[in-house]
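J.: Please see the structure below; I have some questions.
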């Protein structure tokens with residue numbers, strides 16, 4: 001009975017720890033909602049009516065200053081040279097403590113003309129966002145620009161509250177794990193401790209991601225070079241009778257030179273074959289001719305010939 005009583009007591013404590021953590025998380029949400037309701041929302045709309053109770057700055061003004069804002073910007077530019085503009089903006093971002101997080105480009109072809117388009121994503125410290133955004137707009141002819149702001153203060157507050165509760169659960173479970181002497185109780189506490197640690201790591205990753213996005217604003221720049229236009233036809237598109245007299249003569253001269261050069265090169269290629277094949281063939285022909293002459297001279301003279 002003593003063993004079963006001890007097991008039941010340990011499991012009861014584990015259940016109480018879990019329930020306490022859930023209640024704490026719910027209480028934080030309730031308190032946050034109540035604070036938002038009583039304080040007139042999270043935008044600080046009543047900041048002008050707030051009165052300090054101890055002679056310090058108004059609480060609403062302090063909250064406004066500590067808002068966690070994710071700022072983004074998008075700009076579409078027409079530039080003379082994609083590569084030069086990209087390098088110039090990269091230098092400007094680095095001078096302001098930023099960097100390039102992503103980039104892409106594509107070369108377009110249309111007949112004999114080419115032009116480049118693409119995009120570059122910059123990350124700059126939040127305090128330099130406005131200055132860099134204005135610098136981007138001076139890099140070319142602006143076709144479109146926009147900025148956006150996302151307030152993630154409440155999300156970060158919620159993550160902090162949930163992390164505090166989970167860490168508190170983890171500390172209590174660790175204490176239970178160290179004091180547990182029964183195998184079944186140890187395994188139960190260990191399983192719950194592993195689940196809590198997984199939840200903590202997941203929430204910490206979300207928190208770090210949000211904090212990075214708040215610390216470094218994102219500016220996406222889309223650039224394209226002007227598409228080349230030509231009113232004249234390419235040589236391949238011109239008809240032969242549209243060619244000028246001088247140009248036709250020069251083309252003919254070039255053609256004659258090319259043909260002569262081809263003849264000389266062809267003769268140079270054929271000469272070794274003519275030497276190799278011509279000597280035996282010529283010798284055979286000469287031998288047959290001499291044999292034919294000797295046979296003719298050795299033939300008997302008939303009466304008719306006399």
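J.: Sort 87-93, 275-281 by packing, meaning the average of other beta carbons within 10 Å per residue, with the highest value first.
T.: 87-93, 275-281
J.: A further question follows. Exposure proxy check: 158, 251 ranked by fewest other beta carbons within 10 Å?
T.: Fewest-to-most ranking of 158, 251: 251, 158.
J.: Going by how many other beta carbons lie within 10 Å of each one, how would you line up 136, 157, fewest first?
T.: 157, 136
J.: Neighbour counts of other C-beta atoms within 10 Å: give me 273, 177, 216 arranged from fewest to most.
T.: By the 10 Å Cβ count, ascending: 273, 177, 216.
Each value in this text was obtained by applying a stated rule to the coordinates, not by laboratory testing. The structure presented is a predicted model; accordingly, all values stated were derived computationally and were not measured. Using ideal geometry, Cβ is built from the backbone for each residue, glycine included, and neighbour counts are taken over all protein chains shown.
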